1. With θ taken as phi - 60° and the coefficients 6.51, -1.76 and 1.60, list the Karplus ³J(HN,Hα) couplings across the range 90-98 in order, rounded to whole Hz; mark glycine and proline as x.
2. Relative contact order, percent, of the chain when contacts are C-alpha pairs under 8 Å separated by at least 6 residues?
3. Please calculate the 1.4 Å probe accessible area of T270, with all protein chains present, and give it to the nearest 10 Å².
4. How big is D for the chain, in µm² s⁻¹ as a whole number, if Stokes-Einstein is applied with the Kirkwood radius of its Cα pairs at 25 °C and 0.890 mPa s?
5. If you roll a 1.4 Å probe over the heavy atoms of the protein chains, what accessible area per residue do you get for the chain, in Å²?
6. Past the 23 angstrom mark, what percentage of all C-alpha to C-alpha distances in the range 84-235 do you count?
7. Can you give the direction-averaged projected area of the convex hull of the alpha-carbon atoms in the range 155-290, in nm²?
8. Once you've got the GNM for the chain with C-alpha springs shorter than 10 Å, pick whichever of N149, N256, N167 has the biggest mean-square fluctuation.
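The values are calculated or read from the model by the stated rules, or taken from the named source; none is laboratory data. Model, not experiment: these values are computed from the prediction. Using ideal geometry, Cβ is built from the backbone for each residue, glycine included, and neighbour counts are taken over all protein chains shown. We work out accessible area using only protein heavy atoms, side chains counted, and drop any ligands, DNA or RNA first. Shrake-Rupley method; radii C 1.70, N 1.55, O 1.52, S 1.80 Å.
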Amino acid sequence: MINIAVIVPVHNRKDITIEGLGNLSKSLDFYKKNGEGQLAAQIIVVDDGSSDGTGEWITDNKPDITLLRGDGSLWWSGSINLGARYACANEAITHVLFWNDDTICELDYFVELEKVCSSDTKYKDSILVSKVFWLDKKQILFNFGCYYNSKSGKKTLVGLNEKDSFNEIMSVDWSGGMGTLIPLTVIKSIGFVDEMNFPQYHGDIDFFLRAKENGFLSYAIPNLKIYNNAETTGLVRANKLSDLKRLFTSNSSLHNFKQNYYFNKRHSNTSISWIRFYFGYAKVILKSLL
């Protein structure tokens, strides 16, 4: 039996959360009618201090959802860890599924998840990642898993902005924190997401790479299809020079200097990776100047 805790961090985007949870519930209802009964799922929403009524709406309208609350300081990694610790305390739970409130999945998502987990024990015991499309361009991939080159520090998103042509299960190094199924045995072996060093970004890839170092495999599954909303992604660029400080220091920025520096030092720390690291920041500054 596969007993999954679906962990959904949320913060102050009530309408997006309502839509995302509605989609997730529909997919689980579809599974109950069409699945083989070898999978069960419990939704755990971690509301990190929302002030827009998100938590209250869930309490009033989704009594079947477990609601955990933070004080606004958890960010993504802390929220995931709060949900994962709750799952670990439940002896019935076998897996956690990292999810985002803006993630939209196909109706048969959990039917397909059951199929792959039942097809081979290696998949049931490994990290499984979804095929991610852009929400506004549903035939175009965001990624089908990702690779990491520890010598150069380069991260590669498989199939980025390509039409989908991936029909086979693939071994990958990492993926984002959405649509990621993780056996609790992995968490109990390597620990939780590193919320101290990577509160928002890089917590997911750091977790994957630590799992790989400890002998756990990750597979991208072609029939697990989800859609990513690019409009709700965090801070990715500076539109003017005065934005650079926030771009380099904010937890909501992909270019947070301290976190990127520590990630490269932990997982690569080669001469070529540091050249790529500083060249990347030079490009960001140049774009802002132009």
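1. 9, 5, 6, 6, 10, 9, 10, 10, 6
2. Contact order relative to length: 19 percent.
3. Accessible surface of T270 is approximately 40 Å².
4. 125 µm²/s
5. Counting only protein heavy atoms, the per-residue value for the chain is 48 Å².
6. 34 percent
7. Dividing the Cα hull surface by four gives the mean projection, 9.7 nm².
8. The residue with the greatest mean-square fluctuation here is N167.
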